1. In region 50-111, which strands (runs of 3 or more DSSP E) lie fully inside it and hold 2 or more residues that are loosely packed, with under 15 Cβ neighbours inside 10 Å?
2. With the requirement that a residue be in contact with a helix residue (DSSP H, G or I) (Cβ under 6 Å, 6 or more places away or on another chain) and more than 30 Å from residue 225 (Cβ to Cβ), what does region 270-303 give you?
3. I'd like to check something: does region 302-315 contain any residue that is outside any helix (DSSP H, G or I) and farther than 30 Å from residue 177 by Cα?
4. Given 205, 189, which one is within 19 Å of residue 320 (Cα to Cα) and either touching a residue at least 60 places away in the same chain (Cβ under 8 Å) or surrounded by fewer than 12 Cβ atoms within 10 Å (Cβ to Cβ) (or both)?
5. From 153, 160, 144, grab the single residue that is part of a helix (DSSP H, G or I), at pLDDT below 85 and either surrounded by 20 or more Cβ atoms within 10 Å (Cβ to Cβ) or on the phi > 0 side of the Ramachandran plot (or both).
6. Residue 498 passes all but one of (1) in contact (Cβ under 8 Å) with a residue 60 or more places away in the chain; (2) within 23 Å of residue 29 (Cα to Cα); (3) crowded, with 24+ Cβ neighbours inside 10 Å; (4) within 39 Å of the chain's Cα centre (by Cα); which number fails?
7. Please enumerate the residues belonging to region 499-510 that are over 19 Å from residue 5 (Cβ atoms) and in contact with a helix residue (DSSP H, G or I) (Cβ under 6 Å, 6 or more places away or on another chain).
């Protein structure tokens, strides 16, 4: 329920704060006083598109804040979707600068205008002569009908929900097994190809590093042979015939042998020389063996390159490393095993799927039957309301058709149809041409469906266009009826509707210091009678209109008391 609306620097409104209450809140005032600006401000704060001309001239920005009491489950669900805290009290605010920049907030958290609008769809339904909202949206018709179906349909929906969960689980398991027979055969063939390709390559862990090392060897084999030969030559022959290192060391050792015999203190030097001599001889032997082992095989490098090409091709195809190539092979082998073992499992799942589809089909049929039964009752009640609103020949229908697919609501497609005049064919609500007819159709629908509608606040912006006389009185009664179940904000020019107000606000316009200012003032009962008098007379014949206004207010009070009594004891309804 909209509890408070604060407006600042919006068009002609310098600043205004309105405290709305439950029931029927009526807004009246002279033409051009700014009544529609109140509704425009509500639309603005709820995320509707607005231009920078909304900002009052000469001001930096326009501001609107709306406070709601919002305990409905639908509101909580949207708050969850938007990842906002679930609270029973919501403060929606929006500003727009003179440059056209808009900022939206929900309980202080900045959100997008689309997020604000998404939340607003659960809070308020705004209806003007040409504003087709929730009831003109066929997607909502099935929800409204389902509310009237009661607990029997809800039980079927709960069964359908459980069956669909099981069905989706079975489908998911079947998909995990590889689809239908043809798909599984195709999958198996692909997996076998992977296993064969990697297996035939005989890839080994660490093979790439070994090949790269061998490649490096064969690329430099001539240099390797040259280095080994030069090293041996220097060790054995030396340079320029001076003798090799081995010969020189051998001579030095002979001298150290003599030195050690003469001076035992040189034992350590003698032992070290012996080690050097033995080590050098061992080095010469090993180097000679290594040099003799060097082979010059031109084809060896090509073999390494070809093997690397094979490995690189597998890496490109299966993951960028040999480890991932081997992992791919293992996974493919495992999946092949699962496919082979899944044939029996798939047969079981197919049987479960068939049984669940039969169960779902049966539940959908039950739901269709319940909806059709309820649609007959709903049709009768709405036609009764239309006839009371002076649409004597109106025909209302609930179209229920089935689609091939199903969802959590079953297979039904529901749409409300109407023929407002004698001889016309029924057609969708959105195609009604007359503003007066639209107003009455909407009121009839709202009156009957008010019990089912989860939106707490309805706004009617001058929907009394084309309505007068007895019809206007009936419209006032319907407004009051809706107000017993929902909060209603209504802008009207008709005294028959205004008389039904539970709260009445007067919108006035004045000029101060060459500025036009719109104000909103709540009216006590005396003020309400005075405003009814103005609506009835246009400012003329004040005494007669004042008396008529009092009578009109008394009639409205009597009607509301009568309806309260009917709620207590429905058998009192003389119209039954």
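The values are calculated or read from the model by the stated rules, or taken from the named source; none is laboratory data. Just so we're clear, the structure is a prediction, and the values are computed from it rather than from any experiment. Virtual Cβ from ideal backbone geometry, glycine too; neighbours counted across all protein chains shown.
1. On the way: elements: 61-69, 89-97, 102-106, 109-111.
By residue number, 89-97, 109-111.
2. Answer for region 270-303, where residues must be in contact with a helix residue (DSSP H, G or I) (Cβ under 6 Å, 6 or more places away or on another chain) and more than 30 Å from residue 225 (Cβ to Cβ): 270, 273.
3. Residues of region 302-315 that are outside any helix (DSSP H, G or I), as a first pass: none.
No; the residues of region 302-315 include none that is outside any helix (DSSP H, G or I) and farther than 30 Å from residue 177 by Cα.
4. Details: 189 fails: within 19 Å of residue 320 (Cα to Cα).
When all the criteria are applied, what remains is 205.
5. On the way: 153 fails: at pLDDT below 85; 160 fails: at pLDDT below 85.
The match here is 144.
6. Failed condition: (4).
7. 499, 500
A quick yes/no check of all residues on (1) surrounded by fewer than 16 Cβ atoms within 10 Å (Cβ to Cβ); (2) closer than 27 Å to residue 208 by Cα:
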{"position": "303", "(1), (2)": "yes, yes"}
{"position": "308", "(1), (2)": "no, yes"}
{"position": "312", "(1), (2)": "yes, yes"}
{"position": "349", "(1), (2)": "no, no"}
{"position": "356", "(1), (2)": "no, no"}
{"position": "379", "(1), (2)": "no, no"}
{"position": "385", "(1), (2)": "no, no"}
